[in-house]
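Structure record follows, encoded as structure tokens.
The values are calculated or read from the model by the stated rules, or taken from the named source; none is laboratory data. None of the values given here were measured: they were computed from a predicted structure. Note that we place each Cβ from the backbone using ideal geometry, even for glycine, and neighbour counts take in every protein chain shown.
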Amino acid sequence: MRIDVVTIFPDYLAALDLSLVGKARTAGIVDVRVHDLRDWTTDRHRTVDDTPFGGGAGMVMRPDVWGRAIADVARPEPSGEPDGAGVPGARAHLVVPTPSGRSFTQRTAEALAGEDHLVFACGRYEGIDARVAEHHRAAGGTVSELSIGDYVLNGGEVATLVMIEAVARLLPGVVGNPESLVEESHGAAGLLEYPVYTKPPAWEGLEVPEVLLSGHHARIHRWRRDEALRRTAARRPDMVRALDLAALDRRDLEVLAESGWTPRDGRLDREG
Ligand code: SAM
């Protein structure tokens, strides 16, 4: 996979040299290129923003500067296949982090992990002129305007780091043991992960649950599932409501009932 990031703060993305993403870059699993948006400015002051049409506070990032940057970085490699849409770079999937975007979730990460080329456009100030996304779409490209949560950051760099890490760890070879991706929170089961423990078995007067030391795989599996259900019921009612009743067994329903959740009209609902 190739990932291009365009930003006015390239140093912000230095974290992509570290840890598993850094290793994946070195191993050639993911080719990450970080670019300074100001390289596509044409004036002496290297201006990337201007005042908003319609008035109001703050500045907006200029479409002409962004347009040149995206056209350049989204262009396929000379050795690559011709671009299907007939427009240079239209095949690159443009990701625009914005608090007004659709929510970025594990499902979004899975979908993006299937792409060949992602281009992240990191906004600052009041964001990027809306015509930039419109233009990429009109050229036959895909655009995802994505929010990492219901709060406002100063720029798209942190959101881009979040999304790249979530996507890159799904690429084959990035996480050492792919098994560890299976039972995670927000996986196919639709549950939060159960609590985890390691040595020592007793610490500060707190004991690791006995069953985890038993070596009895079926009991451990059941305990973990019960805890995942309890934790999800306590912390994420939205996830409980989204559970597929057909995928739950009798014990699952007992555990959920202890937390006040019972089936009603084909889905789980909380009593009272
Ligand atoms: N005026 C914009 C609004 O209210 O929707 C907020 C702009 S914010 C100050 C500047 C930039 O930070 C955005 O263009 C975006 O790139 C990034 N950003 C801020 N919060 C974000 C979030 N929750 N998710 C993704 N990107 C975010």
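Mind listing whichever residues of the range 145-172 are assigned to a helix (DSSP H, G or I) and either within 7 Å of the ligand (Cβ to nearest atom) or under 11 Å from the mean Cα position of the chain (by Cα) (or both)? Write out each step before concluding.
Narrowing the range 145-172 to residues assigned to a helix (DSSP H, G or I): 156-168.
Result: Gly156, Ala159, Thr160, Leu161, Val162, Met163, Ile164, Glu165, Ala166, Val167, Ala168.
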| field | First in the range 109-127 and at positive phi, second anywhere and among the aliphatic types (A, V, I, L, M) and within 16 Å of the ligand (Cβ to nearest atom), Cβ under 9 Å, 6 or more apart | value | Tyr125/Val48; Tyr125/Met59; Tyr125/Val60; Tyr125/Met61; Gly127/Val60; Gly127/Met61; Gly127/Val96
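Just to verify a result, which residue in the range 152-194, among those that are of a type in the set (S, T, N, Q) and exposed (fewer than 15 other Cβ atoms within 10 Å of the Cβ), is farthest from Leu253 (Cα to Cα)?
Going residue by residue through the range 152-194, those that are of a type in the set (S, T, N, Q) are 154, 160, 177, 180, 185.
Filter once more, keeping what is exposed (fewer than 15 other Cβ atoms within 10 Å of the Cβ): 154, 177, 180.
Details: Asn154: 44, Asn177: 31, Ser180: 26 Å.
If we take residues in the range 152-194 being of a type in the set (S, T, N, Q) and exposed (fewer than 15 other Cβ atoms within 10 Å of the Cβ), then Asn154 is farthest from Leu253 (Cα to Cα).
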| Within the range 81-101, considering residues that are in contact with a helix residue (DSSP H, G or I) (Cβ under 7 Å, 6 or more places away or on another chain) and modelled with pLDDT under 95, the one surrounded by the fewest Cβ atoms within 10 Å (Cβ to Cβ) | Pro88
| Of all residues in the range 114-134, which are small (Gly, Ala, Ser) and within 14 Å of the ligand (Cβ to nearest atom)? | Ala121, Gly123, Gly127, Ala130, Ala133
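Any chance you could count how many residues in the range 126-153 are within 22 Å of Asp72 (Cβ to Cβ) and aromatic (Phe, Trp, Tyr)? Before the answer, list the steps.
Keep residues of the range 126-153 that are within 22 Å of Asp72 (Cβ to Cβ), which gives 127-145.
With the extra rule that they be aromatic (Phe, Trp, Tyr), the set shrinks to none.
Looking only at that region, the number is 0.
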| task | Any residue in the range 154-170 that's touching a residue at least 40 places away in the same chain (Cβ under 8 Å) and more than 14 Å from Ser19 (Cα to Cα): show its pairings with residues that are among the charged types (D, E, K, R) and not in a helix (DSSP H, G or I) at Cβ separation under 7 Å, as long as the two are six or more apart or on different chains. | result | Gly155/Arg124
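Is it the case that some residue within the range 68-80 is exposed (fewer than 13 other Cβ atoms within 10 Å of the Cβ), modelled with pLDDT under 95 and assigned to a helix (DSSP H, G or I)?
Step one: filter the range 68-80 for residues exposed (fewer than 13 other Cβ atoms within 10 Å of the Cβ), giving 77-80.
Narrowing further to those that are modelled with pLDDT under 95: 77-80.
Checking the rest, the ones that are also assigned to a helix (DSSP H, G or I) come to none.
The answer is no; no qualifying residue exists.
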| query | Within the range 115-141, how many residues are hydroxyl-bearing (Ser, Thr, Tyr) and surrounded by fewer than 16 Cβ atoms within 10 Å (Cβ to Cβ)? | reply | 0
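With respect to Arg44, determine if the residue is farther than 13 Å from Cys122 by Cα and in contact with a helix residue (DSSP H, G or I) (Cβ under 7 Å, 6 or more places away or on another chain).
Details: farther than 13 Å from Cys122 by Cα: yes; in contact with a helix residue (DSSP H, G or I) (Cβ under 7 Å, 6 or more places away or on another chain): no.
In short, no.
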